[in-house]
Amino acid sequence: MSTVKATRPLGPPSRLHRRIKPVKIASFTALLLTTFLMLLPLFFMVSTSLKSKREMLRFPPTFLPESWAWSNYTDIFDTLQFGTLYKNSLIIAGFSVFGTLLSSALVAYGFARYRGRGNSFWFILLLSTMMLPYPAIMIPQFVLFSQMQWIDTFLPLIVPAFFGSAYNIFLLRQFFSTLPEELFDAGRIDGCGELRMWRTIALPLSAPALATVAIFAFIYSWNDLLTPVLYLSSSDKFTLPVGMASLTSSRFRIPPWHLLMVASVLAMVPIVTLFAIAQKQFVEGIVLTGIK
Amino acid sequence: MSVIKSESRRQTFYMYLFISPWLIGFLIFALYPILSSLYYSFTDYDIIHPPKFIGLANYTEMFHNELFWRSVKVTLRYTFISVPVQLLLGLGFALLLHQTIPWRGFFRTAMYFPSMVSGVAMSLLWYWIFNPQIGLFNYMLSWFGIHGPAWLMNPDTALYALIIMSLWTAGSGMILFLAGLQGVPASLIEAANLDGAGRFRIFLNITLPMISPVLLFQLIMGLIDSFQVFTQAFVMTQGGPNYSTWFYVYNLYTSAFKEYRAGYSSALAWVLLIVVMLFTAVIMRLSRRYVHYEGGNRR
């Protein structure tokens, strides 16, 4: 037994060790190249956002602005009621994240902790709604919300979030299932109610998973175009994507690329900030919940 | 006996209590809309006046409608190119970044970064990149002596421009693949290594089967997303030029909210629903033999 172990380092592993180097160099080069290509559009997004109106039309495009037009970033607030768009999007996304977290965490807990009758039936039904294309249900939803006089309000964009979203429920259920039963037994012995166990035991232990869900919900709401296009009609209620989409419309003979890029950069800011804050938890959350 | 019974009753009670938000939401925001959409699809309906029953007329019209077939062709062509390539790229990036390599954290973030750009912002950015006069894309092609086409203004290239753009977000798939790769037991790979298996064999016989559930999940979600492309068509091309980017959901949206033909549009919606279900069912069926789940082949 011990002789086998002793010979190992001289055998295959050393052969492997020699072979690894060229592979690593090739991988590194490939990564460097693709990363360059991936980041180039982003670089130009930022760089163009800081160019003057004249410079943005120059060909070939300049890599860095010749004179940095920082005023673009204030101009956009004056010309395109950008502040209103931003505020609207933040309000809608904020409520959506709150609603999704609250409802999805409740529902996921119900699926994970209670082996009630019909558990797997409803869970499979839940999973199958992930395959339900939104366009397939949008017309009756539109009719429903217009009968409720919710057109041109934020309600159609917020209220559905409070009824849970399948993907996030699935993620959280996978996570809740991994929490040890003993914790809840201990809680029960201490006379903890079911809702309190959810709040004081399950939720605090699930920070990474909840952060992941919060990010998903925020990105989804922040980026959504179709729903706000359907429901919002007055321009002071538009969300950021709707307002930005209208920027390409025919009222400009030449699209104001520099301002479009300012809008794009500013639209990215909350997502990047959120990702930067929660990155560790986000990646951990995906790994822990394991999309399997 | 009665203790067991009351315990199971208690479990059932709390389960339904906790899942009730979703149950109610399912009834109001999924089941009811699906069923009324089915009903609308047999009617002439403009959303304002009450629907008028017309039998299968919407469906027969659809199959004779040129724009319907155009939208099917556009959507399928986009899907069958962009989804597999995105999956391969995502997997490739993940494999490269699963090794210990310098700057790994930087590379991972950089690859994922484009996925953080919203659909509209991305569409605006690439609208500029594909601009034939001042855009970045043709400028870069000119380094290699290639005179690029007028991408989005040319019916032959507009769809391919959108496919190229879609590859930019392959990093979001990479994150999921990376998570999957972390679940592959190192002991299995070491054992195969000792048996003299090469990198490629290890990938084919161990890594790929172990991450096949992630692959399957992404394939299905990728297909469903791709069948629903809307933003790009709405922001960048309005379905043009000459209907070359007339995506299925853009067609559906136009029928319902521009032409006020919600009945016809509901028929389109139901065809989409059936196609998505069929695709999913076929893939699940075919994959049963190839997808490996820890602890047996369940779910």
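The values are calculated or read from the model by the stated rules, or taken from the named source; none is laboratory data. Just so it is clear, the structure is predicted and the values come from calculations on it, not from any experiment. Note that we place each Cβ from the backbone using ideal geometry, even for glycine, and neighbour counts take in every protein chain shown.
Some points to look at:
- Just one of the listed residues (A:Leu226, A:Leu203) is at pLDDT below 90 and more than 16 Å from the chain's Cα centre (by Cα), and it is A:Leu203.
- Selection of the range B:114-133 for residues being facing chain A (nearest Cβ under 7 Å) and surrounded by fewer than 18 Cβ atoms within 10 Å (Cβ to Cβ) yields only B:Gln133.
- Considered as a group, the residues in the range B:106-120 that are without any contact (Cβ under 8 Å) to a residue 12 or more places away in the chain and touching a Phe, Trp or Tyr at 6+ places or on another chain (Cβ under 7 Å) include one that is nearest to A:Leu33 (Cα to Cα), and that residue is B:Met116.
Residues are listed down the side, and each one gets a yes or a no for (1) exposed (fewer than 11 other Cβ atoms within 10 Å of the Cβ); (2) modelled with pLDDT of 90 or more:
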residue: B:Leu268; (1), (2): no, yes
residue: B:Val275; (1), (2): no, yes
residue: B:Phe279; (1), (2): no, yes
residue: B:Val282; (1), (2): yes, yes
residue: B:Gly296; (1), (2): yes, no
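- Some residue of the range A:226-246 being surrounded by 22 or more Cβ atoms within 10 Å (Cβ to Cβ), at the interface with chain B (Cβ under 10 Å from one of its Cβ atoms) and outside any helix (DSSP H, G or I): yes
- Note on the range A:90-161: enclosed helices (runs of 4 or more DSSP H) holding 1 or more residues that are touching a residue at least 60 places away in the same chain (Cβ under 8 Å) are A:134-147, A:155-158.
Let's see how each residue does on (1) at pLDDT 90 or above; (2) within 24 Å of the chain's Cα centre (by Cα):
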{"site": "B:Ser166", "(1), (2)": "yes, yes"}
{"site": "B:Leu204", "(1), (2)": "no, no"}
{"site": "B:Ile211", "(1), (2)": "no, yes"}
{"site": "B:Ser226", "(1), (2)": "yes, yes"}
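- When B:Gln238, B:Gln182 are checked against the criterion of being within 30 Å of B:Ser36 (Cβ to Cβ), over 18 Å from the mean Cα position of the chain (by Cα) and at pLDDT below 90, B:Gln238 stands alone in meeting it.
- Residues that are of a type in the set (Phe, Trp, Tyr) and under 23 Å from the mean Cα position of the chain (by Cα), drawn from the range A:122-142: A:Tyr134
- Residue selected from the range B:45-62 under the condition out of contact with any Pro (no Cβ under 6 Å at 6 or more places or on another chain) and crowded, with 17+ Cβ neighbours inside 10 Å, by the criterion nearest to A:Phe176 (Cα to Cα): B:Ile47
- Complete set of residues in the range B:65-108 that are under 22 Å from the mean Cα position of the chain (by Cα) and within 8 Å of another protein chain (Cβ to nearest Cβ): B:Phe93
- Every listed requirement among (1) more than 23 Å from A:Leu102 (Cβ to Cβ); (2) in a helix (DSSP H, G or I) is met by B:Ile28 save one, (1).
- Test: residue in the range A:173-195 that is facing another protein chain (nearest Cβ under 10 Å), free of Cβ contacts under 8 Å to residues at least 24 places away in the same chain and in a helix (DSSP H, G or I): yes
- B:Pro132 being at pLDDT below 90, closer than 30 Å to A:Lys24 by Cα and either in contact with a Leu (Cβ under 8 Å, 6 or more places away or on another chain) or part of a loop (DSSP other than H, G, I, E, B) (or both): no
- Residues located in the range B:1-31, provided they are more than 7 Å from every other protein chain (Cβ to nearest Cβ), β-branched (Val, Ile, Thr) and more than 19 Å from A:Tyr167 (Cβ to Cβ): B:Val3, B:Ile4
- Test: residue in the range B:141-159 that is within 12 Å of chain A (Cβ to nearest Cβ), at pLDDT 85 or above, buried (at least 20 other Cβ atoms within 10 Å of the Cβ) and in a helix (DSSP H, G or I): yes
- Residue match in the range A:124-144 (condition: surrounded by 15 or more Cβ atoms within 10 Å (Cβ to Cβ) and more than 9 Å from chain B (Cβ to nearest Cβ)): no
- The residue that is farthest from A:Gln149 (Cα to Cα), counting only those in the range B:63-72 that are surrounded by 14 or more Cβ atoms within 10 Å (Cβ to Cβ) and out of contact with any helix residue (DSSP H, G or I) (no Cβ under 7 Å at 6 or more places or on another chain), is B:Arg70.
- Scanning the range B:218-232 for residues that are closer than 26 Å to B:Pro132 by Cβ and touching a residue at least 40 places away in the same chain (Cβ under 8 Å) yields B:Val229, B:Thr231, B:Gln232.
- Remark: A:Leu102 matches the filter, which requires a residue to be facing chain B (nearest Cβ under 9 Å), among the aliphatic types (A, V, I, L, M) and either surrounded by fewer than 16 Cβ atoms within 10 Å (Cβ to Cβ) or touching a Phe, Trp or Tyr at 6+ places or on another chain (Cβ under 7 Å) (or both).
- Residue count for the range A:33-68 satisfying the condition of being buried (at least 19 other Cβ atoms within 10 Å of the Cβ) and either touching a Lys or Arg at 6+ places or on another chain (Cβ under 6 Å) or over 21 Å from B:Ala121 (Cβ atoms) (or both): 2.
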